[in-house]
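Below: one structure, written as structure tokens.
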Amino acid sequence: MTTPQWLVWARDLQALAQSGLTYAESPFDRERYESIRQIAADMMAAGSNADMERVLDLFSQQDGYATPKIVVRAAVFDDRQRILLVREVLDHDRWTLPGGWADVNLSPVENTVKEVREESGYDVRVTRLAAVWDRDRQGHPAAPFSCHTLYFICALTGGQAQTSVETSEIGWFGPDEVPTDLSMGRVLPHQIARMFDHVRDPSLPTDFD
């Protein structure tokens, strides 16, 4: 899936406005950057059929130098080399790897362990970094912000299956049993397949875009 050009332009303008508003001292410069942010919101709303005021509010919440957002995903395997998937409530109960936005004050590994525990009830140990992938270059559906996702291989250490406010079901799947109704904004079939490759061959290097 190719990222629409209007989305690339809107992101670029939003990032320019966000960084500019962070460092601008002149009120005239701030006014110019706010105008650029408005143009970015107009473009995003027109391209996505979203409400412009909601998009502008979303953009206005961003501050500091604009950088890609970070997501962590956990590829948890049991002793039968089955992978753990959870149904994501926010995406119509579609299946995904446990994970989400990385929280501040936690390392990537700590974030990953926390997300697995919160979404599935299981305790895990992170064993290796399998991939660092750019959202757009992997072919996910278009999203407002640039995003990098860290995929970690994890070993099951304890806990028991337990759903949460974020998840409605938990399951273990072999390579030929992965559901087709995946939350495509979160994980893609070829990414799950690659996690099976990594657990079968721990000598594989980390994948990256």
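The values are calculated or read from the model by the stated rules, or taken from the named source; none is laboratory data. Remember, it's a predicted structure, so these values are computed and weren't measured experimentally. Every residue, glycine as well, gets a Cβ built from its backbone with ideal geometry; the counts of neighbours run over all protein chains shown. Keep in mind that these areas ignore ligands, DNA and RNA; they rest on the heavy atoms of the full protein, side chains included. Shrake-Rupley method; radii C 1.70, N 1.55, O 1.52, S 1.80 Å.
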> Just checking, how many residues over region 140-160 are assigned to a loop (DSSP other than H, G, I, E, B) and surrounded by fewer than 14 Cβ atoms within 10 Å (Cβ to Cβ)?
Replying inline: 2
> Do any residues in region 151-162 that are under 12 Å from LEU129 (Cα atoms) have Cβ atoms under 9 Å from those of residues that are assigned to a strand (DSSP E or B) and of a type in the set (S, T, N, Q), where the two are at least six apart or on different chains, and which pairs are they?
Replying inline: PHE152/THR127; ILE153/THR127; CYS154/THR127
>> Going through VAL187, VAL178, VAL126, VAL165 one at a time, which residue ends up being within 12 Å of the chain's Cα centre (by Cα) and either of a type outside the set (Asp, Glu) or on the phi < 0 side of the Ramachandran plot (or both)?
In response: VAL187
> Listed residues LEU106, LEU85, LEU97; which is over 14 Å from the mean Cα position of the chain (by Cα) and in contact (Cβ under 8 Å) with a residue 40 or more places away in the chain?
Replying inline: LEU85
>> Filter region 94-123 down to the residues that are open to solvent by 10 Å² or more (accessible area, probe 1.4 Å), within 13 Å of THR163 (Cα to Cα) and part of a loop (DSSP other than H, G, I, E, B) and list them by number.
In response: GLY121
>> Please go through region 30-80 and give me each residue that is open to solvent by 30 Å² or more (accessible area, probe 1.4 Å), of a type in the set (Asp, Glu) and outside any helix (DSSP H, G or I), ordered by number.
In response: ASP51, ASP63, ASP79
> Does region 161-206 hold any residues that are assigned to a strand (DSSP E or B), within 23 Å of TRP101 (Cβ to Cβ) and open to solvent by 30 Å² or more (accessible area, probe 1.4 Å), and which are they?
Replying inline: SER168, GLU169, ILE170
